Ligand code: HEM
């Protein structure tokens, strides 16, 4: 029963977003792509994703992050799944990215209904949508090795200008960057990623929040490096706007979270998402689609 409660909190808002997306779906992306070639594909992916999230609510976060990390390195082409020396997956920038076995299970289930039809890139995208929010389905059938993960992926200690620049290089504006950061309403981060925030940052931090974090994250590496804390301490498994409320209370876990509300240009966007959760929902959904769409265009340009 407990796990189904989690399912509701994560997936019902996702479903509402899915419905709201129909009118913003870019014309070159379609949810009907497999209607003829594999009509059971979407249902199969959804079933597997729901089962994975039911067994562990964090899987929702892992799937969204997998899609993001795949897209930000030269496109949503599933190159993140490739293994071996020099692969994107092996890059330190993808250290801590998890959930590959969930994708393996989803892929295996889809292969059982339609062998060799549905691309892994599409599975990553649909799985991310089914896990938390609506997304897009892309026709991206090529896998290429990538070595740009280090330069392309944003880091948790970036300041606001660096984040804005990083996303602008991907064709995403500051508002879209803030909306997408709202993914941190679910999932967790390791001490090694937030240590700088609690010991060495000049950013405001709530005193009680800070002291609770220092208990689980000792100041000196590698002590406690792998200890986890929720990115949204209020509703860690629920896709909502508490992430933004936390920022206003100086309870952002990563430096890259708190800089979004730090007496700077994005404060007003954060405040807007605090006051209007539905604006966050629709902005997030649209930005996820744009992320997928733009990256698939980049892939097409390379072909
Ligand atoms: C704005 C720039 C961003 C930065 C600097 C950033 C950085 C990070 C870091 C450092 C972590 C913790 C990783 C760890 O400890 O292993 C994390 C977790 C996560 N990120 Fe981001 N992220 C950003 C944007 C995004 C976006 C755009 C998405 C999705 C669309 C996303 C989804 C997630 C999720 C779901 C988690 C939790 C994963 C888990 O539970 O393991 N992030 N991010």
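Side notes on the structure shown:
- Index of the failed condition, residue 122 passing every other in (1) modelled with pLDDT of 90 or more; (2) surrounded by fewer than 23 Cβ atoms within 10 Å (Cβ to Cβ): (2)
- Residue, farthest from the ligand (Cβ to nearest atom), within segment 184-203, restricted to residues that are surrounded by fewer than 19 Cβ atoms within 10 Å (Cβ to Cβ) and at pLDDT below 95: 202
- Restricting segment 74-87 to residues that are buried (at least 24 other Cβ atoms within 10 Å of the Cβ) and assigned to a loop (DSSP other than H, G, I, E, B), the residue that is modelled with the highest pLDDT: 78
- Test: residue in segment 126-141 that is more than 11 Å from the ligand (Cβ to nearest atom) and modelled with pLDDT of 90 or more: yes
- Within segment 178-204, tally of residues that are touching a residue at least 24 places away in the same chain (Cβ under 8 Å) and in a helix (DSSP H, G or I): 15
- Selected residue [at pLDDT 95 or above and away from the ligand (no atom under 14 Å from the Cβ)] from 211, 181: 211
- Test: residue in segment 261-270 that is assigned to a helix (DSSP H, G or I), within 20 Å of the chain's Cα centre (by Cα) and touching a residue at least 12 places away in the same chain (Cβ under 8 Å): yes
- 1 or more residues within 20 Å of residue 99 (Cβ to Cβ) and modelled with pLDDT of 50 or more: qualifying helices (runs of 4 or more DSSP H) within segment 1-73: 41-55, 58-72
- Against the numbered list (1) without any contact (Cβ under 8 Å) to a residue 60 or more places away in the chain; (2) within 19 Å of residue 94 (Cα to Cα), residue 216 comes up short only at (2).
- Qualifying residue in segment 90-110 (condition: touching a helix residue (DSSP H, G or I) at 6+ places or on another chain (Cβ under 6 Å), modelled with pLDDT under 95 and part of a loop (DSSP other than H, G, I, E, B)): yes
The values are calculated or read from the model by the stated rules, or taken from the named source; none is laboratory data. As the structure is a prediction and not an experimental result, all values here were calculated from the model. All Cβ positions, glycine included, derive from the backbone under ideal geometry; neighbour counts span all protein chains shown.
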